[in-house]
Amino acid sequence: MSKTSPIVLILGAGPNIGQSVTRAFKEKGYRVALASRRAEEAESTSDEIYIPSDFSDSGAIVNIFSKVKALLGIPSVVVYNASAVTFTPPDDPLSLSLADFDQHLKINTVSPFVAAQQAATGFAELPDTASRTFIYTGNLLNTVTVPKFFDLGVGKSATAQIIEYAATAYKDRGFKFYYGDERNADGSPMYTGLSGEAHAKLYVELAEGKTQGPWQQTFVNGVGYKHFPVA
Ligand SMILES: NC(=O)c1ccc[n+]([C@@H]2O[C@H](COP(=O)([O-])OP(=O)(O)OC[C@H]3O[C@@H](n4cnc5c(N)ncnc54)[C@H](OP(=O)(O)O)[C@@H]3O)[C@@H](O)[C@H]2O)c1
């Protein structure tokens, strides 16, 4: 693969969404950088690098971007896919320990903020022809509360705001920011059974899009983007 091929960085690259998104971007000619706690650095090649990292330390995100820039170059597409939750009793969300709340806020919001910041800094150095797309994998918790999902809901809501602010602020510079949210066909949440393939298809389309679309990308497997009224 050419050293001028575009680069996608996937933060939280696991067996489902991460793997499908990786495959789809490779098919489009991208070189890939994959970060997660269990990433095997030794498996890295000249076109595909693995970076072991724990996003509960938000400083780790800066190190990942530095490493990707040094080894491959500046990523024109960045996907943040990791998340964390501790299920809390529906009648006592405030029983969550501060340690868990703090750690999960880092994974769900603070590290995505640092990743968006790093991505935008890189996008500013790329030519106008580069994709310059940041995608955060979300769910419907930015629009409703669901008992038990307290800390995840706080994190997804805050990050949805980050994405919306960034999508609005940077669109004239050609940078795109998206919040991906796969739904069932009736708009109800997909607690399980997410389609890695459907995420991959949408994320490639968003990366290839020339201008910012709706920042909140609710979508359905086999359909693509679908607007759902807020419940
Ligand atoms: N739309 C919906 O209704 C809905 C429903 C469920 C989930 N989701 C979202 O989908 C995303 C996950 O999808 P998936 O499980 O299919 O993805 P995946 O790509 O299969 O896995 C995500 C990977 O993130 C990595 N990760 C988790 N915590 C991390 C941390 N602290 N630091 C670094 N890496 C970490 C894990 O790898 P390591 O173990 O190697 O770190 C994990 O394998 C999440 O954002 C989740 O909130 C959405």
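Quick note: the coordinates plus some simple rules give every number you see, no bench work behind them. Just so it is clear, the structure is predicted and the values come from calculations on it, not from any experiment. Every residue, glycine among them, receives a Cβ derived from its backbone with ideal geometry; neighbour counts consider all protein chains shown.
Can you tell me which residue is surrounded by the most Cβ atoms within 10 Å (Cβ to Cβ) among those in region 148-178 that are of a type in the set (S, T, N, Q) and in contact with a helix residue (DSSP H, G or I) (Cβ under 7 Å, 6 or more places away or on another chain)?
The first filter runs over region 148-178 and keeps only residues of a type in the set (S, T, N, Q), leaving 157, 159, 161, 168.
From the residues that got through so far, the ones that are in contact with a helix residue (DSSP H, G or I) (Cβ under 7 Å, 6 or more places away or on another chain) too are 157, 159.
Numbers: SER157: 17, THR159: 25.
Per the criteria, the residue is THR159.
Among the residues examined, LYS201 does not qualify as more than 22 Å from LEU9 (Cβ to Cβ), touching a residue at least 60 places away in the same chain (Cβ under 8 Å), surrounded by fewer than 21 Cβ atoms within 10 Å (Cβ to Cβ) and basic (Lys, Arg). If a residue must be within 13 Å of the ligand (Cβ to nearest atom) and either farther than 24 Å from GLY180 by Cα or in a loop (DSSP other than H, G, I, E, B) (or both), how many such residues does region 1-12 contain? The number of residues fulfilling the criteria is 1. Looking only at region 18-33, residues that are of a type in the set (Gly, Ala, Ser), near the ligand (Cβ under 9 Å from one of its atoms) and over 23 Å from ASP57 (Cα atoms) come to 1 in all. Taking region 198-224 as the range and being under 19 Å from THR22 (Cα atoms), more than 15 Å from the chain's Cα centre (by Cα) and charged (D, E, K, R) as the test, only GLU208 passes. Taking PRO15, is it in a loop (DSSP other than H, G, I, E, B) and away from the ligand (no atom under 16 Å from the Cβ)? No: the conditions fail for PRO15. Here the condition is being surrounded by 13 or more Cβ atoms within 10 Å (Cβ to Cβ), under 15 Å from the mean Cα position of the chain (by Cα) and near the ligand (Cβ under 10 Å from one of its atoms); of SER58, SER36, SER53, it holds for SER36 alone.
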